[in-house]
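Have a look at the structure below, then the notes.
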Amino acid sequence: MTTQPQGKTPASVQQGGATRQNDTNTITTSRGATTVADGVVAKVAGIAAQDIAGVYALGGGAARALGSLREAVGQKDLTQGVSVEVGQTQVAVDVTIVVEYPHPLQKVANDVRDAIYAAVEDVVGMEVTEVNVAITDIHISGDDSDDKHSDARQADNGRVDNKNYDDSGEPRTREVRVS
């Protein structure tokens, strides 16, 4: 059995002569203590934000690029674009989102804010003091890279020119013979 020296809490750890705050908070009740990591609070907030209609993605440009790489290898970061400041009983959340066009920006931001308030208070059991929402971009469905091939094949009159593309939409390679 290990014991901690008096004056130390689970959130305060002595290392090399310096006191370091862990990324956890402890809620103590008469029945015991519960420690919740900051990452857990951020994940709950991220899940709540992603479930809102009109939210295309979380995070800014660099975070989304890194997130795309993670998703390509099968790992999705649910905390992307979410930062939290966790106190003893209160939480402040900052979230960065990309909104799908033509959803109203203020409505999406308010819905995200309401969802995060409800999720963190219900799931984590902590009071949310504020949720700051930053909208950094608008996603237009024609901007997808998947649409690039179909757009390139469109002729001015709206007909699709398939002669230079295979069934998967990739350009066909031509065989050139030199005599």
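Could you look through the range 20-34, keep only residues that are within 17 Å of A92 (Cα to Cα) and assigned to a strand (DSSP E or B), and pick out the one that is modelled with the lowest pLDDT? Ranking the qualifying residues of the range 20-34, first place goes to T24.
Checking the structure you have, find out if any residue of the range 9-17 is part of a strand (DSSP E or B), buried (at least 19 other Cβ atoms within 10 Å of the Cβ) and modelled with pLDDT under 90. Within the range 9-17 (the criterion being part of a strand (DSSP E or B), buried (at least 19 other Cβ atoms within 10 Å of the Cβ) and modelled with pLDDT under 90), the answer is no, since none of the residues qualifies.
For the range 86-133, name all the residues that are in contact (Cβ under 8 Å) with a residue 24 or more places away in the chain and of a type in the set (D, E, K, R). Within the range 86-133, D94, E100, K107, D111, E127, E130 qualify. Residue count for the range 35-63, restricted to those that are modelled with pLDDT under 90 and open to solvent by 30 Å² or more (accessible area, probe 1.4 Å): 4.
The values are calculated or read from the model by the stated rules, or taken from the named source; none is laboratory data. Source: prediction; values computed, not measured. Ideal geometry is used to build each Cβ from the backbone, glycine not excepted, and the neighbour counts take in all protein chains shown. The area values use the complete protein model at the heavy-atom level, side chains included, leaving out ligands, DNA and RNA. Shrake-Rupley method; radii C 1.70, N 1.55, O 1.52, S 1.80 Å.
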